[in-house]
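Taken together, the values in this text are just the output of simple stated rules run on the coordinates, not laboratory data. Every value quoted in this text rests on a predicted model; they were computed, and no experiment measured them. Cβ: placed from backbone, ideal geometry, glycine included. Neighbour counts: every protein chain shown.
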Amino acid sequence: MREELVALRPIIYTVGNADVSSIEQFQNQTLRPIIKMQHEVLVGLVKNQTNFDELLQRKGSAQQFHDRVRTFIVKQPGIKHLLIGMIVGMFTSEELSIYVKHATDFNKRISGMICQRIADTYY
């Protein structure tokens, strides 16, 4: 079943670099495709949060809006953890074992990528 989920992930081409760390490799090969695949669900979940419409009305510059989106998500641990859980739930057993070893770092990366996607979608 999990292998079928992997097959559904979009292919994301990245520039190959021999000096890429295992964490960055996991980010590019696993996290980015899952986040892209889950885009509509992630955006829909954030969009339906209380006060998100208010955030959209005060966009400001692209950087200001990105900072506001990040604050909006990070300051609400429930939504932040739900978004991370939506990504982790798409892992294979092998990917989960890699994730667990570096969960703090991966959670920061997942949050950052999701915030960037949300900001880019609405700006």
Q. Can you name the residue in region 81-98 that is touching a residue at least 12 places away in the same chain (Cβ under 8 Å) and farther than 15 Å from Gln38 by Cα and is also farthest from the chain's Cα centre (by Cα) among such residues?
A. Ser93
Q: Select, from Leu42, Leu8, the only residue that is more than 18 Å from Asp105 (Cβ to Cβ), surrounded by fewer than 17 Cβ atoms within 10 Å (Cβ to Cβ) and either more than 13 Å from the chain's Cα centre (by Cα) or in contact (Cβ under 8 Å) with a residue 12 or more places away in the chain (or both).
A: Leu8
